[in-house]
Amino acid sequence: MKINKVVVFYFILLVLNMSCGNESSEVYQITEFTYNKTEGAYKNPLKGFNSGWWNDFDYATVGFQYLSWKEFEPLNGGFDFDAVEAVLDRPGTKGKHFILRLYCDWFGESKDSNAGPKWLYSDFGVARLENTDGKYVTNFNDPNFIKQAIEAIEVLAAHYDDDPRVYAFEIGILGYWGEWHTFGFGENFSINENSKNQIVNTYKDTFSNAKIMGRYPWREPLASIGGIGFHNDFFGPYAHSDEFNEAVDIKNKWLEGPIGGEAPPEFEGPQAIEVFGTTRGIEIIEKGHYSTMQAYSPCISSPDSEICKGFMKMHRKMGYNFQIENALFPIRLLQSEELTIKVNLTNIGVAPVYYDWDVQFALFHQDEQPITIYEVDYILSHALPGESFSLSASTPINVVDKGEYKLGLRIIQPGADQPKTNSWKLDARNTYILFSNELPVILGTWNTNHALLGGWSILGTLSVE
């Protein structure tokens with residue numbers, strides 16, 4: 001921590017004694033603090049390379065999972081949320097914010113659907129279509145399929161729309177892997193516009209809090225629907241990836257929802273080096289405004305390699321990245337005076353935070369428990385990449401004891417610091433944001449009432465007289 005300018009402003013308190021005509025003044029100082037800058041925290045919520053399936057990485061705060069429709073609804077109208085929770089409790093997702101995709105078909109290698117409920121085909125007559133290469137696909141255009149899919153999406157939304165663990169729901173259910181593909185069928189079968197529109201509109205209408213993400217920002221109806229993010233499932237040094245990034249960047253679709261995805265399984269070896277080992281990876285992240293991505297991690301096998309360093313540089317660059325330029329507050333003041341604080345920051349990341357989290361200042365006296373907390377009125381999602389913003393408060397100091405106090409700042413998930421009947425099932429670290437600066441941190445933990453303690457970055461000290 002550095003103190004650049006001893007005195008930035010003088011605040012003069014004049015006390016006029018009318019009876020004796022004496023005038024006296026008390027002067028206190030507002031000091032500018034600056035802090036060494038870094039590329040960002042090792043992990044921060046709602047951003048960075050994520051975990052998923054059965055892989056778990058310690059730097060990840062987001063987990064991606066597929067949800068099989070037949071596991072979610074084994075009987076028509078009989079929804080099994082225990083099965084959903086079992087998926088979310090897998091390594092890679094447990095304790096993290098999750099991205100979930102409901103799907104029906106995997107890759108059509110069997111006449112029986114991998115994830116489509118059996119009753120969908122036997123009771124409602126939805127067909128499995130076969131092409132000349134022996135591949136199968138569900139008839140996604142069947143009105144019965146669409147009707148039953150809509151019911152499943154609506155039930156999923158009613159249960160999880162306000163769940164604090166949600167990062168996003170991907171608009172799945174149609175096509176292989178829920179990615180809207182029907183590879184190998186050509187003109188013999190394609191998903192029609194009516195089917196696509198009904199599914200998209202259902203997601204948009206039923207998820208009011210959770211963000212949703214579509215597959216193709218350059219194809220209709222997703223290209224024009226507005227108000228959604230996108231997931232790129234062909235991330236890496238591919239023409240398809242460039243097509244995705246350009247569609248997101250040129251039309252500013254990243255402003256409307258988070259951008260994420262996954263690298264295909266073949267994205268290893270030389271292809272990974274081409275991205276992680278060069279500036280190419282940062283260029284992809286910047287152009288696509290990616291907040292999170294699932295990919296092979298070179299740091300598992302080669303933690304000290306240049307390719308691992310490139311991977312972690314991309315990890316930190318993704319999403320928001322808040323860096324403090326300076327902080328202004330008094331180094332001493334009287335108990336009767338107001339505490340005035342201003343922190344100037346820049347978002348050095350490639351995207352905003354898509355959920356509005358709470359901003360708070362606090363004073364600490366003898367231990368790591370705040371004496372008083374000051375709420376800051378700021379809409380965090382307005383902090384766009386490359387732009388500067390300020391967090392400020394002016395409030396009565398409201399402390400009883402004189403002496404030295406630490407001043408803390410934190411950004412937390414709304415409700416995290418409130419007592420709860422049930423646990424959020426989130427790791428405490430995934431509910432508060434750290435800054436791209438060298439600062440002392442009071443690490444976050446859950447107390448016995450499931451309320452967040454800690455998560456504070458310490459800006460400096462001040463003396464109350």
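Can you tell me what share of the DSSP beta bridges in the range 48-317 is antiparallel? A percent to the nearest 5 is fine. For the range 48-317, the DSSP antiparallel bridge percentage is about 20.
Please say if the range 280-360 is rounded, prolate or oblate, where rounded means a/c under 1.5 for a ≥ b ≥ c the square roots of the C-alpha gyration tensor eigenvalues, and otherwise the choice is prolate for a/b larger than b/c and oblate otherwise? Note, shape of the range 280-360 comes out prolate.
Taking a span of 15 Å or more along the helix axis (Cα atoms) and a mean Kyte-Doolittle hydropathy of at least -0.5 as the rule, the DSSP H helices of the chain that qualify are 143-160. In the chain, the DSSP-assigned H stretches of four residues or longer account for a calculated mean residue ellipticity at 222 nm of -5500 deg cm²/dmol, using -39500 (n - 2.57) per stretch and the full residue count as denominator.
Normalized C-alpha radius of gyration of the range 192-233, against 2.2 N^0.38 Å? Display every interim value, and only then the final one.
Numbers: Rg = 9.8 Å, N = 42, 2.2 N^0.38 = 9.1 Å.
Rounded to two decimals, the normalised Rg is 1.08.
For the chain, the antiparallel share of DSSP beta bridges with both residues in that region comes to about 70%.
Gain on full extension, evaluated as 0.36 nm per residue between Glu274 and Ile331 minus their Cα-Cα distance, stands at 15.5 nm. Pairs Lys253/Lys309; Lys118/Lys211; Lys43/Lys425; Lys309/Lys425: which are spaced more than 22 Å apart, C-alpha to C-alpha? With Cα atoms farther than 22 Å apart: Lys253/Lys309; Lys118/Lys211; Lys309/Lys425.
Given in Å, the Rg to one decimal and the Dmax to the nearest whole number for the Cα atoms of the range 336-420 are 14.5, 44. If you wrap the tightest convex hull around every Cα atom of the range 29-153 and split its volume per residue, you get 188 Å³. Residue exposure proxy: Ile411, Ile307, ordered by other Cβ atoms within 10 angstrom of their Cβ from fewest to most, comes out as Ile307, Ile411.
Using the Cα gyration tensor of the range 225-371, with a ≥ b ≥ c the square roots of its eigenvalues, what is the shape: rounded (a/c below 1.5), prolate (a/b larger than b/c) or oblate (neither)? Since a/c reaches 1.5 and a/b is larger than b/c, the shape of the range 225-371 is classed as prolate. Let me know the shape class of the range 322-464, please: from the alpha-carbon gyration tensor, a ≥ b ≥ c as square roots of the eigenvalues, rounded when a/c is under 1.5, otherwise prolate if a/b is greater than b/c, or oblate. It comes out oblate by the Cα gyration axes.
Shown for the range 138-275 is the translational diffusion coefficient from the Stokes-Einstein equation, using the Kirkwood radius over Cα pairs, a temperature of 4 °C and a viscosity of 1.567 mPa s: 81 µm²/s. Dividing the radius of gyration of the alpha carbons in the range 44-102 by their Kirkwood radius gives 1.05 for Rg/Rh.
What percentage of all Cα-Cα pairs in the range 67-215 are separated by more than 26 Å?
Values: 2424 of 11026 pairs.
So the pairs more than 26 Å apart make up 22 percent of the total in the range 67-215.
Each DSSP beta bridge with both residues in the range 322-464 is either parallel or antiparallel, and the antiparallel ones are about 95%.
Its convex hull of Cα atoms gives the range 48-317 a direction-averaged projected area, equal to a quarter of the hull surface, of 13.8 nm².
For Gly444, nonlocal amide neighbours, meaning residues 5 or more places apart or on other chains whose placed amide H falls under 5 Å from its own, are Gly455.
If you model the range 355-403 as an ellipsoid using its alpha carbon gyration tensor, with each semi-axis the square root of five times an eigenvalue, the axes come out at 28, 11, 9 Å, biggest first. Residues whose amide H comes within less than 5 Å of that of Ile371, counting only those at least five positions distant or on another chain, are Leu363, Phe364, His365 (H built at 1.01 Å from N in the peptide plane).
Each value in this text was obtained by applying a stated rule to the coordinates, not by laboratory testing. No experiment lies behind these values; they were computed from the predicted model shown. A quick note on method: Cβ atoms are made from the backbone with ideal geometry, for glycine too, and the neighbour counts reach across all protein chains shown.
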